[in-house]
Amino acid sequence: MEQDQFTQILEKLESRIARIEEYLELALPAEAAEGESSPAAVTKPRGEDELEFELGQNWFAKVGIVVLALGIAFLLTFPYTDLPAAAPSLFGYVLAGGLFLVARLWQKSFDLVSRYLRGAGMILLSFTTLRLFYFGQEPVFSASSAIGILLLVAVLALNVVVALRRKSPYLFSLALATGSATALAVGEAWFVLGLLVILCLLAVSVRLQFNWGGVLIWGTVLVYLTHFFWMVNNPFLGNSLSFIQSPAVAPYYLLLYGIILTAGSLMRKERGKETVDVNIASFLNGAGSYGAFLIHTLASFESSMVQSHLIASVVLLGLAIVFWVREKSRYSTFAYAMLGYMALSVAIIKSFDVPNVFVWLSAQSLIVVATAIWFRSRFIVVANFIIYIAIIIGYVAVTGEETGAVFGFGLVALASARILNWQKDRLELKTELMRNAYLATGFVVFPYATYHMVPEAYVSLSWVGIAGFYYLMNLIVRAQKYRWMGHITLLLTVLYVVIIGIAQLEPTYRVVSFLVLGTVLLIVSLVFTRMRGRNRSEKGEEPGGDEA
C-alpha cells in the first residue's frame with residue numbers, strides 16, 4: 001500500500017517536472033538522444049516567440065497607450081458649450097490622476113505598461129493645463145497671467161519630479177518636452193528665455209548625475225527649436241511669421257545656451273575618450289547655437305552684426321580651446337573652432353567692402369592655420385585650404401578689374417606654407433600635400449596678379465622678378481621647393497616671350513625682354529654649374545634640406 005502511494009507521488013512529481021519543462025521549452029538530453037518526441041521538442045523556434053512577445057507585449061502597449069492618450073486629448077479639445085469653461089480641464093485632471101494611480105498599482109505586476117501609463121499621464125497633465133488657456137471657445141485664464149504661469153510651472157515641476165523619482169531618461173525627456181511647450185504657451189520674452197536656460201541646466205545636471213547622454217542631445221534639440229519658434233514670432237499661437245525685434249539681448253541667450261550645454265560634455269566623468277553621444281551633442285549644440293544666432297542677427301539686428309559676431313567668435317573659439325585643453329578633443333574642438341572662424345568671417349564681411357574684404361578673409365586663414373597647429377587638427381587645415389581657394393575664386397568672379405589685392409593671397413599662401421613646415425611635427429602632417437597646395441596657389445597667384453596689373457610690355461620682366469624672389473627665398477630658408485618655383489617661373493616667362501612677346505610687344509620692349517631673360521637664364525645656369533661642382537668636391541653634400 002505504501003509502495004503504491006510512493007509510486008503515485010513520483011508520477012505526480014514527474015508530471016509536474018514535465019509541465020515545467022514544457023513551459024520553459026526544455027527537453028531532457030536523454031529524450032533528445034533517443035529521438036523521442038515531447039512537447040518541448042516540438043515547440044516553435046525561440047526567435048519567433050520572442051518576436052511575438054515583443055510585438056504583443058511591448059509595441060501593442062506603446063501604440064495602445066499613445067492612441068488612448070491622443071483620444072483623450074481630442075476629447076478635451078471639444079468646445080463643450082453647455083459646460084463651464086473649466087469643466088474639460090477638470091475632467092482631464094481626473095483622467096491624468098487615474099493614469100498615475102493605475103501606473104502605481106501596476107508597478108510590480110505590469111511594470112512595462114505602468115511606465116508607459118505614467119508617461120501618458122505626464123503628457124495628459126500638461127495638455128489639460130494648456131486646455132485652460134487654449135482650444136476652447138473661451139479661455140479660463142490667460143497663459144501669460146500670474147495664475148497661468150504658476151499653473152504651467154507647477155505642472156512642469158511635477159513632471160520633472162516624477163521623472164527624477166523614477167530615474168527614467170524617457171520620462172525626463174517627456175518632462176523637457178512639456179517645458180518647451182510651456183515656454184511657447186506663455187510666449188513672453190523674459191519667461192521663454194529664462195525657462196530655456198533652466199531647461200539647459202536640467203539637461204546638463206541629469207547628464208552629469210545619471211550619465212544620460214541621449215537626454216542631453218534631446219534637450220539640446222528642444223532648446224534651440226523652442227527658441228527658433230519663439231524667434232519667428234511663435235506661429236503656434238496663430239501669429240504671422242516675423243522675426244522678434246526685442247529684446248536686443250535675445251541672440252546672446254543662444255550663446256548662453258551653448259555655454260551651459262557644453263558643460264554637459266566637458267564635466268562628464270568619462271573624459272578619457274570621445275564617445276558618439278559627446279560628438280553628436282557638440283555638433284548639435286554648436287550648429288544650433290550659432291545657426292540660430294546668425295539667422296536672428298541677420299534678420300533683426302544687422303546694425304550690430306560686427307560686434308555681435310566678434311563676441312560669438314570669441315565664445316565659440318573659447319569653447320574649442322577649453323575642449324582641447326581639458327581633454328584633447330578632436331571632433332568637438334573642430335566643430336566649435338570652425339564655427340568660431342565662421343563668426344569671425346561674418347564680422348569681416350560686414351566690416352569691409354569688395355574687394356578688400358577678400359584680402360582680409362584670406363589673411364584670416366593665417367589665424368586659422370596657427371590655431372589649427374595648436375589644436376593639432378588636420379581637419380581644420382584641410383577645411384581652411386578649401387575655404388581659402390573659395391575666397392580666391394570669389395574674388396576673381398566678383399572683382400571686375402584687378403586692384404592688386406590678389407598679391408595678398410600669394411603672400412598668405414607662402415606664409416601658410418612656412419607655418420605648416422615650421423610646425424609640421426606638432427601638426428602630425430605625414431605628407432607634403434597641404435604645403436605643396438599652398439605653394440602651388442602662390443605660384444599661380446603672383447603671375448596672375450602681375451599679368452593683370454603690369455603693362456603688357458613689362459609682364460615678362462615682372463615674372464623674372466618673381467623668379468628672383470623665389471631664388472632669394474631659397475637662400476633665406478634653404479628650401480629646395482623655392483628653387484623649383486623659380487625654375488618653373490623662368491620657363492613660363494620663356495613661353496610668354498616666345499609665344500606672345502614676339503607677336504605683340506613693340507621692338508624695343510621685345511629686345512629688352514629677350515636680353516634680360518637670356519641674361520638671367522645664363523646666370524642661373526652658371527650658379528648651378530658652380531653649385532654642382534662644389535657638391536661634387538664635397539662628395540654629394542647638398543644645400544637646403546628643409547621643406548617649404
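A compact table of results
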quantity: Tabulated pairs, region 476-491, first more than 17 Å from G410 (Cβ to Cβ) and part of a helix (DSSP H, G or I), second small (G, A, S) and open to solvent by less than 30 Å² (accessible area, probe 1.4 Å), C-beta under 6 angstrom, 6+ apart or interchain; calculated: Q480/G544; L490/A467
quantity: R271, sole failed condition from (1) more than 17 Å from R326 (Cβ to Cβ); (2) modelled with pLDDT under 90; calculated: (1)
quantity: Pair list, Cβ under 9 Å, 6 or more apart: region 156-179 residue in a helix (DSSP H, G or I), other residue open to solvent by 30 Å² or more (accessible area, probe 1.4 Å) and hydroxyl-bearing (S, T, Y); calculated: A163/Y170
quantity: Verdict on R268 being assigned to a helix (DSSP H, G or I), charged (D, E, K, R) and either open to solvent by less than 30 Å² (accessible area, probe 1.4 Å) or touching a Cys at 6+ places or on another chain (Cβ under 9 Å) (or both); calculated: no
quantity: Among (1) among the hydrophobic types (A, V, I, L, M, F, W, C); (2) at pLDDT below 95; (3) under 26 Å from L298 (Cβ atoms) - the single one L199 does not satisfy; calculated: (2)
quantity: Count of region 374-396 residues which are open to solvent by less than 50 Å² (accessible area, probe 1.4 Å) and farther than 19 Å from L411 by Cβ; calculated: 4
quantity: Residue that is surrounded by the most Cβ atoms within 10 Å (Cβ to Cβ) [pool: residues in region 233-258 that are at pLDDT 90 or above, assigned to a helix (DSSP H, G or I) and aliphatic (A, V, I, L, M)]; calculated: L254
quantity: Filter pass, S362 being more than 21 Å from I321 (Cα to Cα), open to solvent by 50 Å² or more (accessible area, probe 1.4 Å) and polar (S, T, N, Q); calculated: no
quantity: Qualifying residue in region 123-131 (condition: of a type in the set (G, A, S), assigned to a helix (DSSP H, G or I), free of Cβ contacts under 8 Å to residues at least 12 places away in the same chain and open to solvent by less than 60 Å² (accessible area, probe 1.4 Å)); calculated: no
quantity: Meets criteria (in a helix (DSSP H, G or I) and under 21 Å from F323 (Cβ atoms)) for A390; calculated: no
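Yes or no, residue by residue, for (1) open to solvent by 30 Å² or more (accessible area, probe 1.4 Å); (2) outside any helix (DSSP H, G or I); (3) among the polar types (S, T, N, Q):
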{"site": "S282", "(1), (2), (3)": "no, no, yes"}
{"site": "N285", "(1), (2), (3)": "no, no, yes"}
{"site": "A292", "(1), (2), (3)": "no, no, no"}
{"site": "H309", "(1), (2), (3)": "no, no, no"}
{"site": "V314", "(1), (2), (3)": "yes, no, no"}
{"site": "W324", "(1), (2), (3)": "no, no, no"}
{"site": "A335", "(1), (2), (3)": "no, no, no"}
{"site": "G340", "(1), (2), (3)": "no, no, no"}
{"site": "A343", "(1), (2), (3)": "no, no, no"}
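The values are calculated or read from the model by the stated rules, or taken from the named source; none is laboratory data. The structure displayed is predicted, hence computed values, not measured ones. Using ideal geometry, Cβ is built from the backbone for each residue, glycine included, and neighbour counts are taken over all protein chains shown. Side chains are part of the model used for accessible areas, which takes the heavy atoms of the whole protein and leaves out ligands, DNA and RNA. Shrake-Rupley method; radii C 1.70, N 1.55, O 1.52, S 1.80 Å.
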